[in-house]
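A.B. asks: Take a look at the following structure, please.
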Amino acid sequence: MDHSQAPVLDAIAAYRREEQTPFTPPGHKQGRGADPRAREILGDAVYGSDLLAISGLDDRRSTREVLERAQELMADAVHAEQTFFSTCGSSLSVKSAMLSVAGPREKLLVGRDAHKSVVSGLILSGVTPIWVEPQWDPDRHLAHPPSPEAFAARFEEHPDARGALVTSPTPYGTCADLAAIAAVCHRRGRPLIVDEAWGAHLPFHPDLPSWAMDAGADVCVTSVHKMGMGLEQGSVFHQQGDLVDPVVLKAREDLLGTTSPSVLLYAGLDAWRRQMMEEGRGLLRNALDLAEHARAEIERIPGLHVEREGFLGPGRAHDLDPLQIVIDLTALGCTGYRAADRLRETHRVNLHLADHRRISAQITQADDKDTVSTLLAALRYVSEHAADLRGGPAVRVPGPGELRLEQVTLPRDAFFGAAEHVPAGEAAGRLSAEMLTPYPPGIPAVLPGERINGPVMDYLRTGVAAGMVVPDAADPELNTVRVQIEDR
């Protein structure tokens, strides 16, 4: 296919050249009615390109097939059979994928390190999750993706499960053995869904981990705005094989998606695909070299350690995305929360992830020597001012046995059932009616329908005191918890 084309961008340019006069949404009519102060900040190009997908980007009957051609080009670029664009982020895309595989009360194997959007999909659909345990590193207090053996064991216990879902890469850049997990699923005639939100770039350079379609997954979901060059909320989901019907997949997306998609987001997806096909390997080679340089320089900074080999091996991750630079601060004696907050205040540097002992920075093709130098200067500051960052509440992280809670009722039933708020000190032993999710990375510590225990509650409350953010809790300070009212 001709990857010099960008059907969405070309259609926007044509619309503006033709000086169409709309009597349709959006009401600002290419910016003519917008507040001049907003236009000054956002730019006339944003408003001029913000138009309807139908009777705007294309005609009333979509005879030019603008979106269809853009999606076909994307599928060809990444070796998928079908690709669908989403303007509601991968949070919507992963729900669409789940609902295309399992229905209400049907079982789906799901890695317990799933993002909160997967849990939202369980709540909306009524699907029964069969949790697959991640591989827990007790020294680093970190979960890596579940092993193929763990998926196989759960299939043996639940042969009626409709398929499986795994997250790879994780927000920490660790990757599952997707080919082996796909083989486990396919031996049973079941599909594999991969939440590959952090892996948009993987198909475009051989020195990156294998990506889901090449590994044999049936559906994968990718956030192009995370590691690609798309606009925020720009997502795609890809399909191949005959275990997931693409007609059903599209119908599920149509059920959940907006009827007013942003063509700005479509344009971002379309442009990024073209750029990757024309220049991707060179751009990513530069990013990989910058990341390697940054890693070596950070390792020289006193008190900082860049995680790499320690994440890999038996019982840990299968592979690692080298563009995610994860830095352990244990030797400095400060939390990632404090370090991240201080660097935003003092250096105007925003880090990707912060937890009780780590910070991370993602490198993309947008970075250069100057941005990496800024990062290194900020990290040297952390090392030099570690004494100022110490102290404060310690986060009490439980072991894997205490972190794993019992799923007593379906997430859907607990979320929509009768509930009450109780003081945090009385929450242990009760069934949660809400998600409690340290964010980032957005992996819930407590799910609706799980029985809360003391160690997890202690972890979350000490975490909040130390700077952890739990934005989906009814009470983000966790003085109270929303719990299910059980029959007594």
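The values are calculated or read from the model by the stated rules, or taken from the named source; none is laboratory data. Because the structure is predicted, anything quoted here is derived from the model rather than measured. All Cβ positions, even for glycine, are placed from backbone atoms using ideal geometry, and neighbour counts span all protein chains on display. Note: accessible area is taken over every heavy atom of the protein model, side chains too, but ligands, DNA and RNA are not part of it. Shrake-Rupley method; radii C 1.70, N 1.55, O 1.52, S 1.80 Å.
A.B. asks: Residues Glu426, Glu486: which one is more than 23 Å from the chain's Cα centre (by Cα), more than 19 Å from Ala143 (Cα to Cα) and at pLDDT below 95?
C.D. replies: Within the list Glu426, Glu486, the selection yields Glu486.
A.B. asks: Quick one: Gly282 ticks every box in (1) part of a helix (DSSP H, G or I); (2) more than 20 Å from Glu68 (Cβ to Cβ); (3) in contact with a helix residue (DSSP H, G or I) (Cβ under 8 Å, 6 or more places away or on another chain) except a single one, so which number is it?
C.D. replies: Condition not satisfied by Gly282: (3).
A.B. asks: For region 278-297, enumerate the residues that are open to solvent by 40 Å² or more (accessible area, probe 1.4 Å) and aliphatic (A, V, I, L, M). Reasoning before the result, please.
C.D. replies: The initial filter retains those residues of region 278-297 that are open to solvent by 40 Å² or more (accessible area, probe 1.4 Å), namely 278-279, 281-283, 285-286, 289, 292-293, 296-297.
Result: Leu283, Ala296.
A.B. asks: Go through Met74, Met98 for me and flag whichever is in contact with a Gly (Cβ under 9 Å, 6 or more places away or on another chain), modelled with pLDDT of 95 or more and open to solvent by less than 20 Å² (accessible area, probe 1.4 Å). Don't jump to the end; show me each part of the working.
C.D. replies: Values: Met74 fails: in contact with a Gly (Cβ under 9 Å, 6 or more places away or on another chain).
Among Met74, Met98, only Met98 is in contact with a Gly (Cβ under 9 Å, 6 or more places away or on another chain), modelled with pLDDT of 95 or more and open to solvent by less than 20 Å² (accessible area, probe 1.4 Å).
A.B. asks: Looking at Ser62, Ser86, which is the one that is of a type in the set (Ser, Thr, Tyr), closer than 14 Å to Leu264 by Cβ and touching a helix residue (DSSP H, G or I) at 6+ places or on another chain (Cβ under 9 Å)?
C.D. replies: After applying the criteria, what remains is Ser86.
A.B. asks: Residues that are surrounded by fewer than 20 Cβ atoms within 10 Å (Cβ to Cβ): list the strands (runs of 3 or more DSSP E) wholly contained in region 179-245 that include at least 3 such residues.
C.D. replies: none
A.B. asks: Can you tell me which residues in region 6-34 are open to solvent by 60 Å² or more (accessible area, probe 1.4 Å) and either charged (D, E, K, R) or outside any loop (DSSP other than H, G, I, E, B) (or both)?
C.D. replies: Step one: of region 6-34, the residues open to solvent by 60 Å² or more (accessible area, probe 1.4 Å) are 10, 16-21, 23, 25, 27, 32-33.
Within region 6-34, Asp10, Arg16, Arg17, Glu18, Glu19, Arg32 meet the criteria.
A.B. asks: Could you say whether any residue in region 63-81 is over 19 Å from Val224 (Cα atoms), polar (S, T, N, Q) and free of Cβ contacts under 8 Å to residues at least 40 places away in the same chain?
C.D. replies: Looking through region 63-81, at least one residue is over 19 Å from Val224 (Cα atoms), polar (S, T, N, Q) and free of Cβ contacts under 8 Å to residues at least 40 places away in the same chain.
A.B. asks: Okay, next question. Does Gly442 meet the test of being part of a loop (DSSP other than H, G, I, E, B) and touching a residue at least 12 places away in the same chain (Cβ under 8 Å)? Don't jump to the end; show me each part of the working.
C.D. replies: Details: part of a loop (DSSP other than H, G, I, E, B): yes; touching a residue at least 12 places away in the same chain (Cβ under 8 Å): yes.
Yes, satisfied.
A.B. asks: Name the single residue that is surrounded by the most Cβ atoms within 10 Å (Cβ to Cβ) among those in region 418-436 being in contact (Cβ under 8 Å) with a residue 60 or more places away in the chain, of a type in the set (A, V, I, L, M, F, W, C) and assigned to a strand (DSSP E or B).
C.D. replies: Checking each candidate, the answer is Ala419.
A.B. asks: Would you point out the residue of region 131-168, among those that are part of a loop (DSSP other than H, G, I, E, B) and acidic (Asp, Glu), that is surrounded by the fewest Cβ atoms within 10 Å (Cβ to Cβ)?
C.D. replies: Step one: of region 131-168, the residues part of a loop (DSSP other than H, G, I, E, B) are 133-134, 138-141, 145-147, 158-163, 168.
Applying the additional criterion that residues be acidic (Asp, Glu) yields 133, 139, 160.
Numbers: Glu133: 16, Asp139: 7, Asp160: 9.
By that ranking, first place goes to Asp139.
A.B. asks: Determine whether Asp76 is of a type in the set (Asp, Glu), assigned to a helix (DSSP H, G or I) and under 29 Å from Cys220 (Cα atoms).
C.D. replies: On the way: of a type in the set (Asp, Glu): yes; assigned to a helix (DSSP H, G or I): yes; under 29 Å from Cys220 (Cα atoms): yes.
The answer is yes for Asp76.
A.B. asks: Follow-up. From the list Ser62, Ser49, Ser93, pick out the single residue that is of a type outside the set (Asp, Glu), at negative phi, open to solvent by less than 70 Å² (accessible area, probe 1.4 Å) and touching a strand residue (DSSP E or B) at 6+ places or on another chain (Cβ under 7 Å).
C.D. replies: Testing whether each residue is of a type outside the set (Asp, Glu), at negative phi, open to solvent by less than 70 Å² (accessible area, probe 1.4 Å) and touching a strand residue (DSSP E or B) at 6+ places or on another chain (Cβ under 7 Å) leaves just Ser93.
A.B. asks: Out of Leu379, Leu375, I need the residue that is farther than 15 Å from Met468 by Cβ, in a helix (DSSP H, G or I) and within 24 Å of the chain's Cα centre (by Cα). Which one?
C.D. replies: None of the others qualify; the one that does is Leu375.
Residue by residue, here is whether (1) touching a residue at least 60 places away in the same chain (Cβ under 8 Å); (2) in contact with a Pro (Cβ under 8 Å, 6 or more places away or on another chain); (3) polar (S, T, N, Q) holds:
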position	(1), (2), (3)
Arg252	yes, no, no
Leu264	yes, no, no
Leu283	yes, no, no
Ala291	yes, yes, no
Ala296	no, no, no
Asp319	yes, yes, no
Leu332	no, no, no
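A.B. asks: Quick check on my filter: what residues within region 469-488 are open to solvent by 50 Å² or more (accessible area, probe 1.4 Å) and either touching a Pro at 6+ places or on another chain (Cβ under 6 Å) or under 11 Å from Ala427 (Cβ atoms) (or both)?
C.D. replies: Asn479, Arg482
A.B. asks: Now, a different point. Counting only residues that are part of a helix (DSSP H, G or I) and modelled with pLDDT of 95 or more, which one in region 390-417 is surrounded by the fewest Cβ atoms within 10 Å (Cβ to Cβ)?
C.D. replies: Per the criteria, the residue is Phe416.
A.B. asks: For region 338-360, what are the residues that are more than 18 Å from Pro302 (Cα to Cα) and either outside any helix (DSSP H, G or I) or within 20 Å of the chain's Cα centre (by Cα) (or both)?
C.D. replies: Those that are more than 18 Å from Pro302 (Cα to Cα) and either outside any helix (DSSP H, G or I) or within 20 Å of the chain's Cα centre (by Cα) (or both): Arg348, Val349, Asn350, Leu351, His352, Leu353, Ala354, Asp355, His356.
A.B. asks: Out of Val94, Val119, Val110, which single residue is more than 14 Å from Ile193 (Cα to Cα), under 20 Å from the mean Cα position of the chain (by Cα) and β-branched (Val, Ile, Thr)?
C.D. replies: Result of the check over Val94, Val119, Val110: Val119.
A.B. asks: Hey, another quick one. Consider Cys334 against the criteria (1) out of contact with any strand residue (DSSP E or B) (no Cβ under 6 Å at 6 or more places or on another chain); (2) under 24 Å from Asp207 (Cα atoms); (3) open to solvent by less than 20 Å² (accessible area, probe 1.4 Å); (4) of a type outside the set (A, V, I, L, M): it satisfies all of them except one. Which criterion is unmet?
C.D. replies: Against the list (1) out of contact with any strand residue (DSSP E or B) (no Cβ under 6 Å at 6 or more places or on another chain); (2) under 24 Å from Asp207 (Cα atoms); (3) open to solvent by less than 20 Å² (accessible area, probe 1.4 Å); (4) of a type outside the set (A, V, I, L, M), Cys334 comes up short only on (2).
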